[in-house]
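For reference, the structure is listed below as structure tokens.
The values are calculated or read from the model by the stated rules, or taken from the named source; none is laboratory data. Keep in mind that this is a model prediction, so the values were computed, not measured. FYI the Cβ positions are ideal-geometry reconstructions off the backbone, even for glycines, and counts take in every protein chain you see.
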Amino acid sequence: MDWMQALFLGLVQGLTEFLPISSTAHLRVVPHWLGWEDPGAEFSAVIQLGTLLAVLVYFWKDVQQLVVAVLVGLKNRKPFETAEAQLAWSIAAGTLPIGILGLGFKDWIKTEARALWIIGTALIVLAVLLWLAERFSTANRSVAQLGFFRIQWIGLCQALALIPGCSRSGSTIMGGLMMGLKRDEAARFSFLLGLPAILASGFFELYELWQSDIPADEYRNLFLGILSSFIFGYLSIEFLLRFLRTHGTLVFVVYRIALGSAVLFFWWDLK
């Protein structure tokens, strides 16, 4: 991979990480259609650190409130005293399913799961589930009204993102809509819930790459990919939150079905 490809794939990652259309699918499919090598699950996970930084910058006040609430609660030996502390611990607990399953199925996720037929199928299936979730959602709750068990359900939905093509934001927005969140609130909570998972997977893969003694220019490419994904990830967050205040997810549903169908068509044609 050269530096131009790294920049471009960072752009793809940034634009698609927060939209419910699966960044992993795009990082697998786009290079395939352009005749490039598959960048691999490791590259995809590491450049997510750029989108992680975008979330931290965009939601800095929210993150700061959650962290301070946890630290103050621990200091006072009352870890669940405030609503912010309860939300923070619920987010941490909601991250456990994707963490445990991610480690348990690590090898499958990096290899067999990146097959084009799996990606195409996942794009279509989650599109239907997202449409159903919005169709039957009450959409009258805010994040502050979520209880522990509702957050755990959304956390379980997030684990679907381990299947390339499902989309972490798509699965968590779907889970949020099922729990009655407003569309923009579901997106906002999706970003916050994803912080621990993105942080853990990004640094874990970065450590594994460092252990494998990759060439120095690959670190340059990773840095460029992270930088590009940060810039376009920030813009993507701003766009999605504004969009969902006045629009539904139908455009993403249609896009997912179209892309998934195209992937399956080309996969079948190549067989």
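Observations
- Scanning the stretch 131-145 for residues that are within 17 Å of the chain's Cα centre (by Cα), surrounded by 19 or more Cβ atoms within 10 Å (Cβ to Cβ), of a type outside the set (D, E, K, R) and assigned to a helix (DSSP H, G or I) turns up nothing.
- Pair list, Cβ under 9 Å, 6 or more apart: the stretch 8-30 residue more than 15 Å from R256 (Cα to Cα) and among the aromatic types (F, W, Y), other residue at pLDDT below 95 and surrounded by fewer than 24 Cβ atoms within 10 Å (Cβ to Cβ): F8/V30; F8/L34
- Exclusive hit being assigned to a loop (DSSP other than H, G, I, E, B) and modelled with pLDDT under 85, set I214, I198: I214
- Check on S201, within 10 Å of the chain's Cα centre (by Cα) and either within 29 Å of W108 (Cα to Cα) or crowded, with 22+ Cβ neighbours inside 10 Å (or both): no
Conditions tested, residue by residue: (1) modelled with pLDDT under 90; (2) closer than 21 Å to E205 by Cβ.
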{"position": "K61", "(1), (2)": "no, no"}
{"position": "G99", "(1), (2)": "yes, yes"}
{"position": "W117", "(1), (2)": "no, no"}
{"position": "A127", "(1), (2)": "no, no"}
{"position": "A139", "(1), (2)": "yes, no"}
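- Within the stretch 240-253, the set of residues being part of a helix (DSSP H, G or I) and touching a residue at least 40 places away in the same chain (Cβ under 8 Å) comprises L240, L241, L244, R245, L250, F252, V253.
- Across the stretch 4-49, the number of residues qualifying as out of contact with any Phe, Trp or Tyr (no Cβ under 7 Å at 6 or more places or on another chain), modelled with pLDDT of 90 or more and in a loop (DSSP other than H, G, I, E, B) comes to 1.
- Top-ranked residue in the stretch 103-123 [being more than 17 Å from the chain's Cα centre (by Cα) and crowded, with 17+ Cβ neighbours inside 10 Å; ranked as farthest from A93 (Cα to Cα)]: L116
- Boolean, F230 is within 30 Å of E134 (Cα to Cα) and part of a helix (DSSP H, G or I): yes
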